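The values are calculated or read from the model by the stated rules, or taken from the named source; none is laboratory data. Remember, predicted model here, so these are calculated numbers, not experimental data. Backbone-built Cβ (ideal geometry, glycine too); neighbour counts: all protein chains shown.
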């Protein structure tokens, strides 16, 4: 789930929130035709968590994340 506060990973069946990451935790993100790849954590590679997810909506998710990150970096919400 993507919203103004950050990313929420939910269990696909129960819809229970498993973990939440605010946007400052996102080091990088990209998408391909069938998946999205996120790097979460510090800039030191050993401290990063790599997350890959299957989705055909990677472009939309990355666009929304980019919008929220830009808004936070400019001081707006």
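Identify all residues within the range 1-42 that are in contact with a strand residue (DSSP E or B) (Cβ under 7 Å, 6 or more places away or on another chain) and assigned to a helix (DSSP H, G or I); write none if there are none. Result: 23, 25. May I ask you to list the residues in the range 30-52 that are under 21 Å from residue 67 (Cα atoms) and surrounded by 13 or more Cβ atoms within 10 Å (Cβ to Cβ)? If the condition is that a residue be under 21 Å from residue 67 (Cα atoms) and surrounded by 13 or more Cβ atoms within 10 Å (Cβ to Cβ), then 31, 35, 36, 37, 38, 39, 40, 41, 51 are the ones that fit.
Here is the figure for the range 54-77: residues that are surrounded by 11 or more Cβ atoms within 10 Å (Cβ to Cβ) and touching a helix residue (DSSP H, G or I) at 6+ places or on another chain (Cβ under 8 Å) total 5. All of (1) surrounded by 14 or more Cβ atoms within 10 Å (Cβ to Cβ); (2) in contact (Cβ under 8 Å) with a residue 40 or more places away in the chain hold for residue 27 with one exception: (2). Here is a list of conditions, (1) in contact with a strand residue (DSSP E or B) (Cβ under 8 Å, 6 or more places away or on another chain); (2) in a helix (DSSP H, G or I); (3) modelled with pLDDT under 90, and residue 46 meets all of them except one; can you say which number that is? Going through the list (1) in contact with a strand residue (DSSP E or B) (Cβ under 8 Å, 6 or more places away or on another chain); (2) in a helix (DSSP H, G or I); (3) modelled with pLDDT under 90, residue 46 breaks only (1).
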